[in-house]
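A short write-up of the structure that comes next.
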Amino acid sequence: KAGVTQTPRYLIKTRGQQVTLSCSPISGHRSVSWYQQTPGQGLQFLFEYFSETQRNKGNFPGRFSGRQFSNSRSEMNVSTLELGDSALYLCASSKGLAGSDTQYFGPGTRLTVL
Amino acid sequence: AQSVTQPDIHITVSEGASLELRCNYSYGATPYLFWYVQSPGQGLQLLLKYFSGDTLVQGIKGFEAEFKRSQSSFNLRKPSVHWSDAAEYFCAVVRISGGYNKLIFGAGTRLAVHP
């Protein structure tokens, strides 16, 4: 069974631009969660989508948004990029809701904001 | 609030030596606990998990962890470390917030292995 895939793997953007990251979960998984990983803040939860609905959200500004499609694939969008948005963005999928089921992570998208 | 503490930021061991990585959590009920490993530039791989039942949990790559409620700990152990175990290790706990659960990670422990 294929694992969680994320595209693209690497991105370089400039301040003020916007970016869209994509995540394809493991087949049969209905929950997709997004995390931001930085050296200073560690791993921080962004949001979770389950059956196309946002179920949970972390403490990030409204510039960070996401959505989930009927095939469970998810996209995350960051608008008006700031230097501090440079990070590894990880996507994780699970069969059930993230808090009650095991999450499996993708390789991440490395975003660099110049 | 529920949280996870990994007291050791860096640990260095010799190949073949035993390993114990510490994890403490603060939580009022029986938590769901996880250990993940991350190699440089990669995502997180699940090593093992504890939901309930036997407090000694076996995972992949020869790792095990023991849930000790009295100490609020979930330490990761391996009897003999291999050079390929060099990576960053994260302990995580499910946290209930606003009626929803989410995974809260510790700061991580970076493991170096000397030949």
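The values are calculated or read from the model by the stated rules, or taken from the named source; none is laboratory data. Everything numeric here is computed off the predicted structure, so don't read it as measured data. All Cβ positions, glycine included, derive from the backbone under ideal geometry; neighbour counts span all protein chains shown. Keep in mind that these areas ignore ligands, DNA and RNA; they rest on the heavy atoms of the full protein, side chains included. Shrake-Rupley method; radii C 1.70, N 1.55, O 1.52, S 1.80 Å.
Brief remarks on what is shown
- Counted charge near B:His82, where neighbours are those whose Cβ lies closer than 10 Å (Asp, Glu -1; Lys, Arg +1): 0
- Between amide H atoms placed 1.01 Å from N, distances below 5 Å from B:Leu103 occur with B:Arg95, all of them 5 or more places distant or on a separate chain.
- Rounded to the nearest whole Hz, the Karplus-based 3J(HN,Hα) values (6.51 cos²θ - 1.76 cosθ + 1.60, θ = phi - 60°) of the stretch B:52-62 follow the sequence 5, x, 3, 7, 9, 10, 9, x, 7, 6, x, with x at glycine and proline.
- Taken about its Cα centre, the protein assembly as shown carries a charge dipole of about 460 debye when Lys and Arg each add +1 at the Cβ and Asp and Glu each add -1 at the Cβ.
- Reduction of at least 30 Å² in accessible surface, 1.4 Å probe, comparing all protein chains with the chain by itself, residues of the stretch A:13-52: A:Tyr35, A:Gln37, A:Leu43, A:Phe45
- Heavy-atom accessible surface of chain B: percent carbon and sulfur, 1.4 Å: 49 percent
- Solvent-accessible area lost in complex, 50 Å² minimum, residues of the stretch A:96-111 relative to chain alone, 1.4 Å: A:Gly99, A:Thr102, A:Phe105
- Seen from every direction in turn and averaged, the convex hull around the alpha carbons of the protein assembly as shown projects onto 12.7 nm².
- Distance between the stretch A:47-110 and the stretch B:9-23 - C-alpha centres, whole angstrom: 32 Å
- Top positive-direction residue, dipole computed over the protein assembly as shown with Cβ charges, set B:Gln58, B:Gly16, A:Gly40: A:Gly40
- ³J(HN,Hα), Karplus 6.51/-1.76/1.60, whole Hz, each residue of the stretch B:73-82, x for Gly, Pro: 10, 8, 7, 9, 9, 8, x, 8, 7, 10
- Sequence-distant residues sharing a close amide H with B:Leu48 (under 5 Å, placed H): B:Trp35
- The HN-Hα couplings worked out from phi for the stretch B:5-10 by the Karplus form 6.51 cos²θ - 1.76 cosθ + 1.60 (θ = phi - 60°) are 10, 10, x, 9, 7, 10 Hz, whole numbers, x standing for Gly and Pro.
- Comparing Cα centroids, the stretch A:13-36 and the stretch B:34-51 end up 19 angstrom apart.
- Using a 1.4 angstrom probe on protein heavy atoms only, the contact between B and A buries about 1600 square angstrom of accessible area, both sides summed.
- Value of D in µm² per second that Stokes-Einstein yields for chain A, Kirkwood Rh from Cα pairs, at 10 °C (1.306 mPa s): 115 µm²/s
- Surface share of carbon and sulfur [accessible, 1.4 angstrom probe, percent] for chain A: 48 percent
- Each listed q (0.14, 0.18 Å⁻¹) maps to a log10 I(q)/I(0) for the stretch B:39-115 from the Debye sum over equal C-alpha point scatterers, namely -0.54, -0.86.
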